[in-house]
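Q: First the structure, which I've put down as structure tokens, then a few questions once you've had a look.
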Amino acid sequence: MNNAQDGRCILWRRGHVMSVVAATMAALVVAPSPVSGQENAAGALLKFKTALVNADPALGDWNPSTEPCTGNTGNWAGVLCYNGYVWGLQLDSMHLQGQIDVDALSVLQSLRTLSLTDNSFQGPMPDWRKVPTLTSLYLSDNQFSGQIPDDAFSGIDSLKKVYLSDNKFSGPIPSSLASPRMVELGLDNNQFSGGIPPFSAGNIRVFNVSGNKLKGPIPPSLRKLDPSSFKGNSALCEGPSCEPPPDMEPNIHPLALTKDVPSSRRGLSPATIAIIIISGLLALILILLLLLLCLRWSLDDDVETPRMVMMRSEMVSPYSERRSPMTLGASPQQQATKLSFVRDNRHKFDLQDLMRASAEVLGSGSFGASYKAVLVDGEALVVKRFKQMTNLTKDDFHDHMKRLGRLKHPNLLPLVAYLYRKEEKLLVFDFVTNNSLGKHLHDDGKRPEEWPKPLNWLCRLKAIKGTVRGLAYLHAELPALDAPHGHLKSSNVLLDNNYNALLMDYTLSPVVNPAQVSQALVAYKCPEYALSGRMSRKSDVWCLGILILETLTGKAVDKQLGQGRQYGAELARWVKGIVEEANAKGAVGVFDKDMEVSAEAETEMEKLLQIGIRCCQEELDKRLDLAEAVKRIEQLQE
Ligand SMILES: *[C@@H]1O[C@H](CO)[C@@H](O)[C@H](O)[C@H]1NC(C)=O
């Protein structure tokens, strides 16, 4: 029905789908506050340079008389800039040696890519966890050596490309490189040994481990890759007779990191325990039999005994070794291990499928961590973990989840399933491949080039229209609730590939603990709650108004305001600031400069601004009610 508007609200998506996808769900969470433009890039780079050997003449123009960056132009050799920030260093083939000062690099909070290819660096792997902003790391063709710690790359959440080719690294491939986010991984021509850790092939485009000393099976997920990626490792194998090398560490699944989700680290499954007991018993019987035999023959049993002990341990060990990290836990009677589905017509999977899925940590929001999980069949889901929902009984919680499962609207992100545990709940949603409205609006100045451009006016209007439709649906379906959404903010409005808005984190107030609800949900930051401790049907409208103002002005709410008690008051001041600015400069003066504006659009934008301001009236009877706001917004022309 709104194809015409779809056609015009498509702008910038082209070659960078992958990077957007990876950045996507980070929007589920409150992003860290932006770096101020005043980071001391020059100082950091000069410090980095002093630890290098042979830096001159190649880095001769690194000196304090100029800034490293002017806009998108790098003034210093090898420095890549975006909007005045250093986002990359490309110092290839400069005969560099010496120390890599990661502490100095950690100051460059926009540093995304670092290339030191074809230099003469030696020694162990530097600790890149101090530079957690990295997305690409190129260290090929150096003399690095030694074992890389297993967790060397953990916590570098956006890392997608790593090239360590043609060095002298040895020991096992660190499992922290086997992240589902990895897109390119070059480990060829080193001395890596052991097995290939379990990779999910999800995003892998380049993968090369040729010319190492690896052994054991090629993970099934990687078998479709070009065989030259594996050549030169004589002990790598495929097929049923191919056994994993015994020294391989099992990969621990992110979903298993909590105390509630059982993992093999904490206990064996009942089946495993049974196998161990049975094999133990068998071994014991065997030993008794042998003892009997020995006694029969009654000759030197001093020699026999140690061998028998060895036999026994050999019989037990293959079973105890074979615990999977996904094994479900020791006490199934205490911990729920069954997902409850809230929709009948949906393809079902169980918790084990979820634990077996490749999982990617998306971030942690005001509630808890969230993950993207891709099932073996390719289905992508978002798993959110909530800890502030411990008061309800299982039945009450179940009833509410069922109620959410019945909600169905093109502008609501559907809840798929949940897991009830005493201390925490997991909610499983469908995954949407684009970004939140908030992320689109506030890609502050440090955006690398492949990131999306800001939304144009038509996309913004489309997002707002979708939002009010979803909101109106919730209000119609849930007449008994004060604030049927309760948590409307720009980071909770996802945009799909066609910029349709999908609301998430809706209708949680009935299950969040009363003591925590006013902290956790943004609707509780409304003026009426601050004044009287009471919510109203218009509390969601207040949030809508803020969303509209944020969308029109491009001014971020979350990042400027503190959390906690003051938040409501600060929010009100934020609104007042915009109103005053609009009065002083005229509406056009407050619109986001990044939004392309035509003359016809401007009248509609002014109307939307007025609607936003009316939604943000502190006094309830001056504030628009939702029906009126919907009507006015639907009338806006595209
Ligand atoms: C892997 O690396 C080796 C040696 O560097 C090269 O010969 C081979 O073509 C590479 N294979 C792929 C698929 O990149």
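Q: I'm checking a number: the convex hull volume of the Cα atoms of the stretch 48-105, normalised per residue, in Å³. What is it?
A: Values: hull volume 4.5 nm³, N = 58.
Here the figure is 77 Å³ per residue.
Q: Continuing with the same structure: What FRET efficiency do you get for S598 and R573 if R0 is 35 Å and r is their Cβ-Cβ distance, rounded to the nearest 0.05?
A: Working: r = 32 Å, r/R0 = 0.92.
E between S598 and R573, to the nearest 0.05, is 0.60.
Q: Now for a different question. Order of 483-491, 44-52 by packing, highest average Cβ count within 10 Å first?
A: Numbers: 483-491: 25.8, 44-52: 18.4.
By packing density, highest mean first, the sequence is 483-491, 44-52.
Q: Okay, next question. How do S65, S228, S509 line up, fewest other C-beta atoms within 10 Å first? Working shown, then result.
A: On the way: S65 7, S228 10, S509 21.
Taking fewest neighbouring Cβ atoms as first place, the list is S65, S228, S509.
Q: Can you work out the FRET efficiency for the pair N345 and K631, with r the C-beta to C-beta distance and R0 = 30 Å, to the nearest 0.05?
A: Values: r = 33 Å, r/R0 = 1.10.
The calculated FRET efficiency here is 0.35.
Q: Would you kindly derive the ³J(HN,Hα) couplings of the stretch 408-420 from the backbone phi angles with the Karplus curve 6.51 cos²θ - 1.76 cosθ + 1.60 (θ = phi - 60°), listing them in order in whole Hz, with x for Gly and Pro?
A: My calculation for the stretch 408-420 gives 8, 7, x, 10, 10, 6, x, 6, 9, 7, 8, 10, 9 Hz in order.
Q: Return C237, C81, C459 ranked ascending by Cβ neighbour count within 10 Å, so the fewest neighbours appear first. Don't skip to the end; give the middle numbers.
A: Numbers: C237 14, C81 21, C459 24.
Ascending Cβ contact count within 10 Å gives the list C237, C81, C459.
Q: Mind sorting S598, S210 by how few other Cβ atoms lie within 10 Å of their own Cβ, fewest first?
A: Values: S598 9, S210 19.
By the 10 Å Cβ count, ascending: S598, S210.
Q: Taking 0.36 nm per intervening residue step and subtracting the Cα-Cα distance, what contour gain separates D127 from K422 on full extension?
A: Going from the current span to full extension adds 102.4 nm.
Q: Be a star and scan the stretch 478-512 for residues whose amide nitrogen sits under 15 Å from the point 7 Å along the Cα-to-Cβ vector of R406.
A: In the stretch 478-512, the label zone of R406 (backbone N under 15 Å from the point 7 Å along Cα→Cβ) covers 478-481.
Q: Using only alpha carbon pairs under 8 Å that are at least six residues apart, calculate the relative contact order of the stretch 480-638 and give it in whole percent. Spell out each step's value before the answer.
A: Working: 189 pairs, mean separation 36.3, N = 159.
The normalised contact order for the stretch 480-638 reaches 23 percent.
Q: Would you please give the residues with an amide H less than 5 Å from that of F169, counting only those at least 5 places away or on a separate chain, with H modeled from the backbone geometry?
A: Amide H neighbours of F169: Q191.
Q: In addition: Can you list residues from other chains, or at least 5 along the same chain, whose modelled amide H is less than 5 Å from the amide H of Q617?
A: L624
Q: Using a Förster distance of 22 Å, how high is the FRET efficiency between Q610 and R537, based on the Cβ-Cβ distance and rounded to 0.05? Please list the in-between numbers first.
A: Values: r = 21 Å, r/R0 = 0.97.
For Q610 and R537, the calculated efficiency is 0.55.
Q: What are the extents of the Cα atoms of the stretch 38-237 along their three principal axes, listed from largest to smallest and rounded to whole Å?
A: Ordered largest first, the stretch 38-237 gives principal extents of 58, 30, 25 Å.
Q: For the residue pair Q90 and L375, what label-to-label distance in nm results when each label sits 7 Å from Cα along the Cα-to-beta-carbon direction?
A: Placing both labels 7 Å beyond Cα along the Cβ direction yields 4.3 nm.
Q: Taking Cα centroids, how far is the stretch 566-615 from the stretch 479-541 in Å?
A: Using only Cα atoms to place each centre, the spacing works out to 22 Å.
Q: Full-extension gain between E184 and N83, please, as 0.36 nm times their residue separation minus the C-alpha to C-alpha distance.
A: Numbers: separation 101, 0.36 × 101 = 36.36 nm, distance 2.67 nm.
Taking 0.36 nm per residue and subtracting the Cα distance, the gain is 33.7 nm.
Q: Turning to a different aspect of this structure: For a 29 Å ceiling on Cα separation, which of these pairs sit above it: K224/K384; K338/K439; K372/K402; K402/K555?
A: Details: K224/K384 32 Å; K338/K439 34 Å; K372/K402 23 Å; K402/K555 37 Å.
Too far apart for the 29 Å limit: K224/K384; K338/K439; K402/K555.
Q: Hey, rough spin-label estimate for A476 and E67, points 7 angstrom out along Cα→Cβ, what's it come to in nanometres?
A: The modelled label-to-label distance comes out at 5.3 nm.
Q: Let me ask you something else. Extension gain D399-K231, at 0.36 nm per residue separation less the Cα-Cα distance, in nm?
A: Working: separation 168, 0.36 × 168 = 60.48 nm, distance 5.59 nm.
Taking D399 through K231 to full extension adds about 54.9 nm, to one decimal.
Q: Let me ask you something else. Taking a point 7 angstrom from the Cα of Q516 along the C-beta vector, which residues in the stretch 387-402 have backbone N less than 14 Å away?
A: The answer is 387-392.
Q: Would you kindly derive the ³J(HN,Hα) couplings of the stretch 497-508 from the backbone phi angles with the Karplus curve 6.51 cos²θ - 1.76 cosθ + 1.60 (θ = phi - 60°), listing them in order in whole Hz, with x for Gly and Pro?
A: Rounded to whole hertz, the list is 4, 9, 6, 6, 7, 10, 7, 10, 6, 8, 6, 9.
Quick note: the coordinates plus some simple rules give every number you see, no bench work behind them. Model, not experiment: these values are computed from the prediction. Note: ideal-geometry Cβ built from the backbone for every residue, glycine included; neighbour counts use all protein chains shown.
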